[in-house]
1. Identify all residues within segment A:217-249 that are away from ligand 4 (no atom under 14 Å from the Cβ) and among the β-branched types (Val, Ile, Thr); write none if there are none.
2. Filter segment B:602-630 down to the residues that are part of a loop (DSSP other than H, G, I, E, B), more than 17 Å from B:ASN112 (Cα to Cα) and not polar (S, T, N, Q) and list them by number.
3. Sort out which residues of segment B:584-621 are in contact with an Asp or Glu (Cβ under 9 Å, 6 or more places away or on another chain), touching a residue at least 60 places away in the same chain (Cβ under 8 Å) and of a type in the set (Asp, Glu), and write them in order of number.
4. Considering only segment C:123-151, state which residues are of a type in the set (Gly, Ala, Ser) and without any contact (Cβ under 8 Å) to a residue 60 or more places away in the chain.
5. Out of curiosity, is B:ALA44 touching a strand residue (DSSP E or B) at 6+ places or on another chain (Cβ under 9 Å), under 22 Å from A:CYS58 (Cβ atoms), away from ligand 3 (no atom under 16 Å from the Cβ) and at the interface with chain A (Cβ under 10 Å from one of its Cβ atoms)?
6. Got at least one residue in segment A:114-128 being on the phi > 0 side of the Ramachandran plot and surrounded by fewer than 24 Cβ atoms within 10 Å (Cβ to Cβ)?
7. For segment A:37-58, which positions are farther than 24 Å from A:ARG103 by Cβ and assigned to a loop (DSSP other than H, G, I, E, B)?
8. Looking at segment B:31-66 only, could you name the residues that are part of a loop (DSSP other than H, G, I, E, B) and closer than 19 Å to B:ILE204 by Cβ?
Amino acid sequence: MRLTLKVWRQAGPSAKGTFQTYDAPDVSEHMSFLEMLDVVNEGLITSGKEPIAFDHDCREGICGACSLMIDGMPHGGRLGTTTCQLHMRHFHDGQTILIEPFRALAFPVVRDLVVDRGALDRIIAAGGFVTAPTGSAPDGNDIAVPKPSADLAMDAAACIGCGACVAACPNASAILFTGAKVSHLARLPQGQAERDRRVLAMVEMMDEAGFGGCTNFGECERACPKEISVENIARINRDWLRATLSDRGEAAISGGEP
Amino acid sequence: MKLDARIPGGPLEEKWDRHLADLRLVSPANKRKFHVIVVGSGLAGASAAASLAELGYQVSCFCFQDSPRRAHSIAAQGGINASKNYQNDGDSDWRLFYDTIKGGDFRSREGNVYRLAQVSGHIIDQAVAQGVPFAREYGGSLANRSFGGAQVSRTFYARGQTGQQLLLGAYQSLERMIGLGAVKMYSRHEMLELVVVDGKSRGIVARDLVTGEITSFAGHAVVLATGGYGNVFYLSTNAKGCNVTAAFRAYQKGAGFANPCFTQIHPTCIPVSGDYQSKLTLMSESLRNDGRVWVPKAHDDQRKPADIPEAERDYYLERKYPSFGNLSPRDIASRAAKEACDDGRGVGPGARGVYLDFASAIQRVGEETVRERYGNLFEMYERITGENPYQTPMRIYPAVHYTMGGLWVDYNLMSNLPGLHVLGEANFSDHGANRLGASALMQGLADGYFILPYTIGDYLAGTKLEAVDASHAAFREAEQRVTQRLGALLAIDGSRTVDSFHKELGHLLWEKCGMARDRSGLEEALRRIPEIRAEFWKNVKVPGSAPTLNQSLEKAGRVADFLEFAEVMCLDALVREESCGGHFRTEYQTPDGEAMRDDEHFAHAAVWEYAGENQKPIRNVEPLHFDFVKLATRSYK
Amino acid sequence: MNRLLALWQTTVGKKVAMAVSGLALVIFLVSHMISNVLIYVNPQHLDDYGAWLRSLGPLLWIARLGLLAMVVIHIAAAWQLTRRDRTARTIRYSRHELQVATYASRTMRWGGVVVLLFIIFHLLHFTLGVVTPGFQFHPGEVGRNVLEGMQTPWVALFYAIAMLALGAHLWHGVWSTFQTLGLNHPAWNASRKVFAVGLAILVAGGFLSIPLGALLGILHP
Ligand SMILES: Cc1cc2nc3c(=O)[nH]c(=O)nc-3n(C[C@H](O)[C@H](O)[C@H](O)COP(=O)(O)OP(=O)(O)OC[C@H]3O[C@@H](n4cnc5c(N)ncnc54)[C@H](O)[C@@H]3O)c2cc1C
Ligand code: HEM
Ligand code: HEM
Ligand code: SF4
Ligand code: F3S
Ligand code: FES
């Protein structure tokens, strides 16, 4: 099939960007979306132009590197699918596809379709962990973890940190990402000791990074390639309230560690 | 080249403990005076960086992805082994050790592998403490499964995302130390030179992939945890960014490269669908527990699988290997598939595929059970191929998956270059000629959590390290080399893209140095590679400029290194005149097509030494001693 | 960070403040709606209700101040969050397809403004009796005021529109409150939306019936 691509090109973080139109003459329905871009890039390079820059690595839906707003939807808007797993059979001959970077104040554009999602790492650094220095661990079976808790924790832990939730949210809120990590650790006995400090610190960093608030649109859940549920948003809100209103929370906030 | 493996003496099970007792220690007060550079944030790198920082060392950590969490370890699916014997099915350190040594076709060190088994249990404890949501039994205890045809259930797993969950565990510990200011993280940075100052490795030169800035980083020791080089084949199950650059730079600086020809082919991957194909997707090995592998008996049979009657199907694994059948080891299953296709009985586009059929399983246990067991894998398959495996058999074909070869290291995980430590898939250590499923995650984390943190102290405490900073002449030189090299790549301005060269190289290697190798093929490869390399340096086109994000330039650098490394790999394959594990030389097989090892001449690690530009590298050997196991031949008949 | 400040200084905390104030307003509205629909039974009821309210004396003022505080908190939070949410995506998409967001959820902000304008008009209209288009305001004769006040078609129409805006606002708002306060449980998650919609229809519908009744000539002095 033949496609027309309108792609956001931007030379650098401070440069001003524009949409450029490209022709993709023979696209196979078996290609992945990124392979389609590869082919377009090969053409650009041989004709002496600079190829379109985009993030990617694993190309099997797990590393969370690929992004892209495709026709106004993160990862192209197919349920539970990352851009690297999106195949061209879902497009039709003659179609024009609009490709834009994820946009958020906290995700500055680096070049073309590449954005800086480091803010998500900073949220984890603020508290998205269990303090378990190497060597300090008891035997893996010392603490029983009910299967349902383990399964629910795993549901939340499946997040690949792609940022599509932020990209989809009309408020550019990162609360689904943050909520997923908070729920993952709050579900497990190992996560209890730092539960209050964690949620307070992560929410604080989330705000500091410049993400918007959540008004419960629900777009994030729909866009999430791992179908992380908005239940995790209720969860982080509850845990945050609990931590804020409890005296443990008060201590946690004044506590030194980040 | 001096290769002292420094395996401690004494009984196998006491070696590590004795060694620990002998290791020199760095006093807590002094630790913060040492700066350790960790290149890599995968399981090996992240676990090492976090653990070292917890000990009090100053740590700088590098990765080329935009976040340490995206390291290729994230893609591991199946699980991680540990000799916990929670299932009470008779597992033990010894059994895990023996399976690993035997699986590696007796081409790894007894001492290292036994230690790996000994620390394997701690890895699970550590991961659980970090909140890794391993699968659980209803009673709340950890669940296990049997993996890759092992006789005991020792594999721990988190759905089909074990690597992801283990990496997130290590990554979270790393982020914690970053938050505390104990680790300085440099993501989107690519190491392009190793800097050696009077015989010791003292730092790296890295390129900021966003600004293109070339910067030197000086330290007291360098740790490479940069993963495998499977992408030398262009098509592999590895992430697109996986490369040999860091390891190859170290090799050019004098570090030995061991057994480069030991590469692993995974039998169950989704076949190539066209020449635009950019990577191959792994379908977990567990599928072979219920799927039956077959091809049509007739040559280029164009019928739909459903129209081919039982009598006209060849379930070749069941036929050739009655006892293991569809569960035969990776290398055997892979070769068998290749033979079937070479014989013109392959299926699907290009006739490069075989069927993995679940019809009988669905009949036996019902579609629901099959969905429970493999639901997500079936979805992934359908997403990629558009075919529904519940109705029509999957098409699979082998693909490059893992590289056992890597930089040579001693028992302390230090290469022959003092101060250069190598962890994870990047080193050659523990898997010999073939890696067992679920053992790479184990090794990467063992190296990073429980071995390096002790052994690096021994080096730092026992070595006189004079003050060296990034202004030292050696760094200036290295920076210049990097700048020149990048400049050269941009200046060529030829007519072919980087990928076209990478594809050409990959195809050549896949044909001549892939699943089955022979002298003439390898010699041809060794003729062609320099030609391709020469054309690359004459005719490659790298658009754009250096001081900016330039993905073509990144690729070009990596492919240039692959083009040199491929030669060492083929040389190694040529000289090793035996078949063992992943290395199958068609000249050396039993009448019924089994690999034929030559323990008399090749029970050693081949360690290649760089001899300078366009010089044939020198082959050194580290003899392998087997004092505790007796060399047996594998038989899966 | 002081924990009470935290309730105002984080996005999550501000939403909590909004939810709580919103909830208080909802409760007022329920009682207000009930007292209003009694007009069908007998306009006299409203007068008694009003009389009773005034009989409360200072208590009434405390209640009024409380109510006012809620509206102020709610609107202040809404205003600040909205500004923040806007700046969180300074460069907008040239195309952004919303796939699941309800109409109600997208109109919370403007819907709220409409409700605000309504409240102001409404107080001038029936409480203070200073804006009384087309009728003579009789202090104390609450029922009569309503019946006569509603006879002016555009007034009734404005009321009706405001009530629709309110309905939409509650439609999303009440469900949103569950999420914001973390009130979720697998057992009744499904019923949360039903409840929100039901409440919205009940409150807005009850109110709506009055201007509609007037327009349709069912309600008249
Ligand atoms: C699809 C797939 C499935 C697998 N499943 C399993 C399994 O089930 N069980 C199992 O045990 N093993 C499995 N493996 C193997 C296992 O995942 C890997 O061997 C292991 O994760 C390697 O970890 P590592 O830390 O050594 O390297 P990696 O995880 O590859 O990390 C390499 C790091 O080095 C960095 N890096 C590389 N080069 C440079 C450079 N030049 N400059 C700066 N940074 C650099 C990268 O950014 C990255 O952070 C699987 C592998 C694949 C491909
Ligand atoms: C058709 C719908 C409505 C009718 C007929 C109505 C009627 C009235 C009347 C008659 C009064 C005066 C009571 C008295 O002075 O004793 C009143 C007061 C009030 N109404 Fe309404 N109302 C309606 C809808 C609303 C709505 C939707 C809101 C809020 C969003 C609202 C908020 C108020 C407030 C705040 C007061 C002042 C109460 C006090 O005296 O402190 N009303 N309403
Ligand atoms: C009687 C009047 C009102 C009632 C009963 C009411 C009720 C609510 C409720 C229950 C919520 C949900 C809070 C949450 O999401 O947790 C809400 C949200 C909101 N309200 Fe109001 N509100 C009223 C008036 C207003 C006014 C006057 C404005 C603005 C001028 C406004 C603007 C908003 C906004 C912007 C939201 C955010 C949407 C969201 O968070 O989901 N509301 N309101
Ligand atoms: S929650 Fe979903 S969309 Fe958001 S980062 Fe995680 S995986 Fe991506
Ligand atoms: S879309 Fe945005 S508003 Fe909340 S529910 Fe999701 S984060
Ligand atoms: S490239 Fe890794 S998830 Fe898409």
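Each reported figure results from applying straightforward, stated rules to the coordinates on display, with no laboratory input. Please read these numbers as outputs of a predicted model, since none were measured by experiment. Methodologically, a virtual Cβ is constructed for each residue, glycine included, from the backbone with ideal geometry; neighbour enumeration extends over all protein chains shown.
1. A:THR244
2. Answer for segment B:602-630, where residues must be part of a loop (DSSP other than H, G, I, E, B), more than 17 Å from B:ASN112 (Cα to Cα) and not polar (S, T, N, Q): B:TYR610, B:ALA611, B:GLY612, B:GLU613, B:LYS616, B:PRO617.
3. Selection gives B:GLU587, B:ASP599.
4. Here is the first cut: in segment C:123-151, the residues of a type in the set (Gly, Ala, Ser) are C:129, C:134, C:140, C:143, C:149.
Within segment C:123-151, C:GLY129, C:GLY134, C:GLY149 meet the criteria.
5. Considered against the rule, which asks whether it is touching a strand residue (DSSP E or B) at 6+ places or on another chain (Cβ under 9 Å), under 22 Å from A:CYS58 (Cβ atoms), away from ligand 3 (no atom under 16 Å from the Cβ) and at the interface with chain A (Cβ under 10 Å from one of its Cβ atoms), B:ALA44 comes out as no.
6. No.
7. Once the filter is applied, which keeps residues that are farther than 24 Å from A:ARG103 by Cβ and assigned to a loop (DSSP other than H, G, I, E, B), segment A:37-58 yields A:SER47, A:GLY48, A:LYS49.
8. As a first pass, look at segment B:31-66 and keep what is part of a loop (DSSP other than H, G, I, E, B): B:32-34, B:40-42, B:56-57, B:63-66.
Correct list: B:PHE34, B:GLY40, B:SER41, B:GLY42, B:TYR57, B:CYS63, B:PHE64, B:GLN65.
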